[in-house]
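Values in this text are rule-based calculations from the coordinates and carry no lab data. Being a predicted model, the structure only gives us computed values, none of them experimental. Because the Cβ atoms are built from the backbone with ideal geometry, glycine has one as well, and the counts that use them run over all protein chains shown.
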Amino acid sequence: MAKAKYTKQSNGYFQTRVWDGTYSEGGKKNYITLRSKKSSKDLEEKVNEHNNAIKERQYVRKTDASFIEYSKAWYLTYKSSLELNGKNMYLNTINKHFKLLTQAIGDTNRSHYITTINSISGTRSKQIADMTFKQIIKSAIRDKLLPASVYDEIFEDAPKIKYKAPEKRPLHDYEKKALSKANFEPMDKAYVFIIFGCGLRRGEAIALSRFDISLERKEISINKAIAFDENNPVLKDTKNYVHRIVPIPDATFPFIEEYVKSLKGTYLFPGANTTYISKSSFDKMWRRIIKAMQAECKETITGLTSHIFRHNYCASLCKQFPAISIKKIAELLGDSEKMVLEVYNHEIEGKIKPIETITKALAL
């Protein structure tokens, strides 16, 4: 005779704990108690019925909300407090790529996901949409609008989206030569010399006022930044809320000094109708910068961005290791030592000579 799967408890019931198909905010499974007064077999049938109900999407709350409606509510609840760039990334993805997902959130299946991802051009856009879709499904599961089993049903064995970020490179030698020869307009030259000589992020540079620059100490104080909300400049704090002071090198100081003294207003890079430069005006300025550099360069300048100047700054400092420490480089960048080591370790390793150092340190 087969042994009973469940044992009668002191309260007179056969009972067990089963997963209810949902997760807590911490990611742990939520459990409920099933029990039977009749027998172990009766309880086993109840357990099987319960598990089948979860698998067949019966153990969820009902809602008429569509996927796109739920996505917008999810964004407002969980993502609207992000920094502007993060907010725009999620909102643009939902509005642009999920607008045709009008099925009920509870009816979302694998075909909705695959069709959506396949309709998107650009690997990076596909990757962001994939990440956002998965976060929305996880949220719907936590809200008990979908059973947890749906996550695997939709995404298991789905093609992996492989995206390779653009190479983080310093300036090419021909770009540096063009930089020193180019006939820039005064504001354009000030911007280029600041990001080249001080390693500022774009948003940090265009937020500068004359009061952030000490000509006496040859320093720039970085304590704010600009982000673009479509075309409009929005003042915000620096990345990770890290404020810092960066020295202005002698090679770029004379012109920066001249430009600051020539300013009629407060801000280094004002907009035509706004306190700070707009996105469209900045783009025009950057095109002028590239054009001026290209006029002094036989090689074609391609893919040059403000952030490449920042990478050039960091790579140049790393080449001076150990005369300057990793901690100080990170401090000047307003970033972490971990980032410096991860991204620029090859520059640092080239400066380390363990055999010579050990020999010198342990000489008798």
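For segment 86-217, the alpha carbon positions stretch 64, 34, 23 Å along the principal axes, listed from largest to smallest. Quick one: check the C-alpha center-to-center distance for segment 267-290 versus segment 182-203, whole angstrom. So the two Cα centres are separated by 12 Å. In the distance distribution for segment 90-137, Cα-Cα pairs more than 17 Å apart total 22 percent. Which pairs, out of Lys181/Lys284; Lys261/Lys298; Lys162/Lys327; Lys99/Lys284, put more than 30 Å between their alpha-carbon atoms? Distance filter (> 30 Å) returns Lys261/Lys298; Lys162/Lys327; Lys99/Lys284. The H on the amide N of Gly271, modeled in the peptide plane, is under 5 Å from the matching H of Tyr276, Ile277, each at least 5 residues off or on a different chain.
From the P(r) of the chain, can you give the percent of Cα pairs sitting at distances over 28 Å? Intermediate results must be reported in sequence, preceding the final value.
Details: 41125 of 66066 pairs.
The calculated P(r) of the chain puts 62 percent of pairs beyond 28 Å.
Could you work out the local net charge near Lys176, counting Lys and Arg as +1, Asp and Glu as -1, over the other residues with Cβ closer than 13 Å to its Cβ?
On the way: positive: Arg169, Lys177, Lys181; negative: Asp173, Glu175, Glu296, Glu299.
Residues close to Lys176 contribute a combined charge of -1.
The modelled label-to-label distance for the pair Glu69/His243, using points 7 Å beyond Cα in the direction of Cβ, is 4.7 nm.
Label-to-label distance for Leu76 and Arg142 is 1.8 nm, based on points extended 7 Å past Cα in the beta-carbon direction. Given the -39500 (n - 2.57) contribution per DSSP H run of 4+ residues, what per-residue ellipticity at 222 nm results for the chain, rounded to the nearest 500 deg cm²/dmol? Computed mean residue ellipticity for the chain: -14500 deg cm²/dmol. Volume of the convex hull of segment 172-316 (Cα atoms only), normalised per residue: 113 Å³. Simple spin-label estimate for Gln127 and Asn183 gives 4.2 nm between the two label positions (7 Å along the Cα-to-Cβ direction from each Cα).
The translational diffusion coefficient of segment 272-314, from Stokes-Einstein at 25 °C and 0.890 mPa s with a Kirkwood hydrodynamic radius over alpha carbon pairs, comes to 205 µm²/s. What the Cα atoms of segment 59-114 give is an Rg and a Dmax of 12.3, 38 Å.
Dividing the radius of gyration of the alpha carbons in segment 200-284 by their Kirkwood radius gives 0.97 for Rg/Rh.
Among the trypsin sites (Lys or Arg not before Pro) in segment 125-227, which ones are in a DSSP loop with at most 13 other Cβ atoms within 10 Å of the Cβ? Mind listing them? Within segment 125-227, the qualifying trypsin sites (Lys or Arg not before Pro) (loop, at most 13 other Cβ atoms within 10 Å) are Lys160, Lys162, Lys164, Lys168, Arg217. With viscosity 0.890 mPa s and temperature 25 °C, the Kirkwood radius over alpha carbon pairs of segment 44-151 converts through Stokes-Einstein to a diffusion coefficient of 167 µm²/s.
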